[in-house]
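Report on one structure; see the data block that follows.
The values are calculated or read from the model by the stated rules, or taken from the named source; none is laboratory data. Owing to the predicted nature of the structure, the values given are computational and were not obtained by experimental measurement. Please note: Cβ atoms are built from the backbone with ideal geometry, for glycine as well, and neighbour counts cover all protein chains shown. We work out accessible area using only protein heavy atoms, side chains counted, and drop any ligands, DNA or RNA first. Shrake-Rupley method; radii C 1.70, N 1.55, O 1.52, S 1.80 Å.
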Amino acid sequence: MSAAESMPAPAAPARTAPTAPGGPHVWRGIIEEYRDRMPVDADTPIVTLREGGTPLIHSEYLSELVGCQVHLKFDGANPTGSFKDRGMTMAISKAKEAGAQAVICASTGNTSAAAAAYAAKAGMTAGVIVPKGKIALGKLAQALVHDARVIQIDGNFDQALTICRQLAEQYPVELVNSVNPYRIDGQRTGAWEIVDQLGRAPDLHVMPVGNAGNITAYWRGYREYAADGLTGNLPVMRGYQAAGAAPIVLGHPVEKPQTIATAIRIGNPASWDQAAAAAEESGGSIRSVTDRQILAAFRLIARHGVFAEMASASSVAGLLALHEDGELEPDQVVVCVLTGHGLKDPEWAIAGAAEPVTIPADLHEAAAALDLA
Ligand SMILES: *Cc1c(COP(=O)(O)O)cnc(C)c1O
């Protein structure tokens, strides 16, 4: 018998992520962090990339400008760069629990990026249907790099969603758009994190509205925390659509939605009624901001350190509009949700910026170019 054979077999590799015995709290992902509020049990396979736990950033600049205490909830800091991860960890975990091997979604980009990543983590196949030519480059890259089956249609998001609903009815694939209730369940955690971080709900909550699942989820999240006594107040909810894609504001679907904010380029939101209810019950509103206002807000927050994507900037554009219209009360606690990361779509950032200067590799030239000498 050789020495190797007499040695004890190495321990089987750990099947679950190791947890540190002590030290600072390490964020475990939204399902573990809020397990008692989630529709999971001990047997649910948790598919996580440790999403959530994103920064709530106090903006001194915006606070000064509008006379309120303004915080930016930067959900672009999620693993795939948007809030969609919060819903996707739930939807994919439940799909896996149900034994599904494939998932499908329609997407303006970020849902497909999240579905592709979480399906890959779970060992499942993701099919994504997107409007041709309307997906930001970074988002398309994400779906491709995670091996999703990417199908482009000559059509818009709303048509893609219709096809996906029918596919899920007629074939063995699980639909993971926000009409899947588990998506909304996961997205409630954004509201809980804000309350946990602030110690109360904000007075005013401002966010983009596209397919309207996220505003539905936030409002549910706030109300559940209030019902359990974890916040004494509820925020006024103000949602912002892009002016060229503002069906809820107009009161009818928009057949050909147009906006530079592609993530909210949606003409017939799936959660229309719930979004309208959130606005009404909270004493808030769903309004629109123009692409010009969105672009200005995008540049403004970037100049103060936060690079969010165009759709996300509609929340700050909305806040600025409220300020200009004299609708803000002084010293209110305000949260603007920044739903996705600016790196998703770098073309917009580069388009508006001056070309970098080129110099010889020389100290004095560098000093002169930087106006130091
Ligand atoms: C999906 C998305 C939205 C819109 O969210 P809805 O839940 O569809 O209203 C806004 N911003 C970004 C970056 C998104 O990815």
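With the structure loaded, tell me whether R200 is open to solvent by 30 Å² or more (accessible area, probe 1.4 Å) and either more than 27 Å from T44 (Cα to Cα) or within 12 Å of the ligand (Cβ to nearest atom) (or both) or whether it fails that test. Taking the combined requirement at face value, the residue satisfies it. Put simply, of A354, A349, A321 the only residue that is at pLDDT below 95, in contact with a helix residue (DSSP H, G or I) (Cβ under 8 Å, 6 or more places away or on another chain), under 28 Å from A77 (Cα atoms) and open to solvent by 10 Å² or more (accessible area, probe 1.4 Å) is A349.
Every residue, every condition in (1) buried (at least 20 other Cβ atoms within 10 Å of the Cβ); (2) β-branched (V, I, T); (3) part of a helix (DSSP H, G or I), yes or no:
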site: Y222; (1), (2), (3): yes, no, yes
site: Y240; (1), (2), (3): yes, no, no
site: P253; (1), (2), (3): no, no, no
site: A270; (1), (2), (3): yes, no, no
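Exactly one residue out of A91, A115, A106 is under 19 Å from A217 (Cβ atoms), within 15 Å of the ligand (Cβ to nearest atom), among the aliphatic types (A, V, I, L, M) and in contact with a Leu (Cβ under 7 Å, 6 or more places away or on another chain), and it is A106. Candidates A317, A351, A297: the one that is closer than 30 Å to T108 by Cα and in contact with a strand residue (DSSP E or B) (Cβ under 6 Å, 6 or more places away or on another chain) is A317. Take the conditions open to solvent by less than 80 Å² (accessible area, probe 1.4 Å), of a type outside the set (A, V, I, L, M, F, W, C) and under 22 Å from the mean Cα position of the chain (by Cα) and apply them to K139. Does it pass? Criteria met by K139.
The residue list F83, F74 contains one member that is within 15 Å of the ligand (Cβ to nearest atom) and either touching a helix residue (DSSP H, G or I) at 6+ places or on another chain (Cβ under 7 Å) or within 17 Å of V145 (Cα to Cα) (or both), which is F83. The C-beta contact set for segment 92-116 (first residue of a type in the set (V, I, T) and open to solvent by less than 10 Å² (accessible area, probe 1.4 Å), second residue more than 16 Å from the ligand (Cβ to nearest atom) and assigned to a helix (DSSP H, G or I), distance under 8 angstrom, 6+ apart or interchain) comprises I92/A119; I92/K121; I92/A122; V103/I92; V103/A95; V103/A119. Just one of the listed residues (I163, I129) is more than 30 Å from R28 (Cβ to Cβ), touching a strand residue (DSSP E or B) at 6+ places or on another chain (Cβ under 9 Å), among the β-branched types (V, I, T) and open to solvent by 20 Å² or more (accessible area, probe 1.4 Å), namely I163.
When the residues of segment 169-197 are filtered to those that are surrounded by 20 or more Cβ atoms within 10 Å (Cβ to Cβ) and more than 26 Å from V236 (Cβ to Cβ), the one that is nearest to the ligand (Cβ to nearest atom) is N177.
Only one of the listed residues (Q293, Q332) is farther than 20 Å from T259 by Cβ, surrounded by 14 or more Cβ atoms within 10 Å (Cβ to Cβ) and away from the ligand (no atom under 15 Å from the Cβ). That residue is Q332. Of all the numbered requirements in (1) away from the ligand (no atom under 15 Å from the Cβ); (2) crowded, with 18+ Cβ neighbours inside 10 Å, L230 misses one, and that requirement is (2).
Does L338 satisfy being touching a residue at least 24 places away in the same chain (Cβ under 8 Å), buried (at least 18 other Cβ atoms within 10 Å of the Cβ) and more than 14 Å from the ligand (Cβ to nearest atom)?
No.
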